[in-house]
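Since the structure comes first, as structure tokens, the remarks are kept for the end.
Every read-out reported here was derived from the displayed coordinates using simple, explicitly stated rules and does not represent laboratory data. Every value quoted in this text rests on a predicted model; they were computed, and no experiment measured them. With ideal geometry, Cβ positions are generated from the backbone for all residues, glycine too; neighbour counts draw on all protein chains shown.
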Amino acid sequence: MKHYTIKFVPSGKSVRIHAGATLLEAASHAGIILDTPCGGAGTCGKCEVMIGPERDKALACQHAVNSDMTVEVPKASRFYEKGILTDGIRNAIEIESPVLKIFAENGRAQYDLKSYLDQKIGGRNTLTTELLDQINSYVARTKNGITLVGRKCTEGDEKAHDWYTFEQGDTSNKLFGVAVDLGTTSIVATLFDMLTGETAGVAADANPQETYGADVVSRIEYASKPDGRNQLQKKVVDCFNSLIARLCDNADIEPEQIYEITVAGNTPMHHLLLGLPVEQLGQAPYRAHSTEPQEIRAAELGIKANSAAHLYAIQCISGFVGADTTAVALAVGMDKTSEMTLVIDIGTNGELILGSSDKMFAASCAAGPALEGAKISKGSRAVEGAIEAVVINEDDIDVDVISGTVPRSICGSGLIDALAVMTELGIIDSTGAMKSQDEIDQLPKKIAERITERDGQKCFILAWDDGQGEVYLNQKDIRETQLAKAAIRAGIEMLLKKAGIGIADVEQVLVAGAFGNYIRKESALGIGLLPPVDLHKVHFVGNAASSGAQMALISCSARKTASQTCEKIEYVELAMEMEFQMLFAEALMF
Ligand code: FES
């Protein structure tokens, strides 16, 4: 099957996609989420785009790709009023940085810095004598002024600023911070210009704590060994430092220019970073040591940024629903929505939120890392060379690969597609068992040839060896994915029961996660990951945990909103619910 390159403007993003795919699918692969109230039925007209130099209008959901093309996406056609995914968070919230910089000319600094600050910025300004001495000693030797760096403090309603360091000369137009999505499997760090809200770079690594266990339970166990907690903390701090160094290198800045770091992680990851006890998370009733937001000097943890930089760890909800879920709730605007909303954040655990602004339920499903590509023979995160979509064409299957390269692996979205395709073709039965070639009638020859064996296990070849090895799924991969989808689906059913509603009462389903840009809704429904819901209600919102961490980085109000939202969330411990095992068993079926 032919593939074509679609370039989207104004974002400049390009994707290669198979002939016959819609522009809606191509946009989603590029991480551009269009507004699709009619669910792609072609009736609402909201997904309108302009094609080519003539700017011919077309509905993205109806226009099939049949050549290379440039597609303009007008602002009105983009989903997500916050614009987080399409334009970066600068359009999502007002910048209200917790860190402040203010330039004082030499004369000002030398004579009366405090009254200068009172006049210039108002409120209560605190400077230590030690800092004033350092400043005076510096300005006595130079003609240059200084840039004071401080933080906003909240003391009742009084405006207060705590000034703690200074930089030489005028650096007031440069202020950087890092937002970290601290996952069990991977860690994603985003460098931000905190004055403009612009992203200055993104870097990601596998969580190096994996050496001590792929899941949180084994890491909690390891932490109870002598020095275990320290070793786990050191691993993650080293990873933070290498990500920060890489971000700074690429942006041509120094780590000393970073003054603020926010972190959103599940509760065990959050506790292990901060050096808090985690043993209690391994036994009922799985209590967090602290769910409160934490603010400390990053240097106390060994993080290499400015020695005065603070680290703000977003508030957790419970022992197993952490700050990553709080960040997701913040990013998707749960605090404002009046619509009954189901949020599914697919990571190593599947985190769920159900409700609207005044009352929400949350749960964590032990999905395992399959949908992040881990524990899958040829699995990977959504990186270059990963299969992100699988479709059936007339007599074979076809795959879309991130960056249009030779397929090397398969990421979460490809996995869900592949399972849906295999179910539709009868290659796996309703229990998830793979069939052999001779057990299936009337399969096209090219597809039948893909059913074979590798290493003594039945498998289905998704991509033949094209210089980078074969990409296939075997029976074990199917089982891992089956467990993941069943855990999430059973969690959804349990929350619906808790809320006393049915899936038909849910007005929007927001699917978040770093599993790839796009899961075909039909595939997610086809394998039973999602309950039967109108397709037009389902929207993909990308890595919302990372977006929430970014919002908290540049906005004090966002931090407050995050904490207030936590107070409205009731945690549901799935393992303690009598019905959960039955729901899980039902959800295992395809
Ligand atoms: S017309 Fe395309 S989504 Fe409604």
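Report the far tail of the P(r) of segment 352-462, meaning the percent of Cα-Cα pairs longer than 22 Å. Here the tail beyond 22 Å accounts for 42 percent of pairs. Average 1/r across all pairs of distinct alpha carbons in segment 163-261, invert it, and you get the Kirkwood radius: 14.9 Å.
In terms of overall dimensions, segment 311-415 has a Cα radius of gyration and Dmax of 17.3, 55 angstrom. Using alpha carbons only, the radius of gyration of the chain set against its Kirkwood radius gives Rg/Rh = 1.00.
Using only alpha carbons, segment 291-372 has a radius of gyration to Kirkwood radius ratio (Rg to Rh) of 1.07. The residue among Gly12, Thr337, Ile303 whose Cα reaches farthest toward the positive pole of the charge dipole of the chain, with charges on the beta-carbon of Lys, Arg, Asp and Glu, is Ile303.
Using the empirical formula 2.2 N^0.38 Å as the baseline, the Cα radius of gyration of segment 99-168 reaches a ratio of 1.06.
For segment 424-539, the alpha carbon convex hull comes to 142 Å³ per residue, rounded to a whole number.
Placing unit charges on each Cβ (+1 for Lys and Arg, -1 for Asp and Glu) gives the chain a dipole about its Cα centre, and among Ser97, Ala140, Asn474 the Cα reaching farthest toward its positive end belongs to Ala140.
Normalised size of segment 3-79, defined as Cα radius of gyration per 2.2 N^0.38 Å with N residues, equals 0.95.
Listed by chain and number, the lysines whose C-alpha is less than 25 Å from the C-alpha of Lys446, apart from same-chain residues fewer than 8 away, are Lys2, Lys378, Lys435, Lys458, Lys476.
Taking Lys359 as the anchor, which lysines have their alpha carbon closer than 25 Å to its alpha carbon, excluding any fewer than eight residues away along the same chain? Straight-distance partners of Lys359: Lys82, Lys336, Lys497, Lys498, Lys537, Lys560, Lys568. Kindly provide log₁₀ I(q)/I(0) values, in the same order as q = 0.13, 0.28 Å⁻¹, from the Debye equation applied to equal alpha-carbon scatterers of segment 514-590. Taken in order of the listed q values, log10 I(q)/I(0) reads -0.69, -1.14. For segment 352-398, GluC sites (Glu not before Pro) are listed when DSSP marks them as loop and at most 16 other Cβ atoms sit within 10 Å of their Cβ; the list is Glu384, Glu394. With R₀ set to 45 Å, the beta-carbon distance separating Gln62 from Met578 gives a calculated FRET efficiency near 0.45.
Summing Cβ point charges (Lys, Arg +1; Asp, Glu -1) relative to the Cα centre of segment 1-80 gives a dipole of roughly 160 debye. Mean sequence separation of contacting Cα pairs (under 8 Å, at least six apart), scaled by the length of the chain, corresponds to a relative contact order of 14 percent. Cα-based values for segment 323-369, radius of gyration first and Dmax second, are 10.5, 32 Å.
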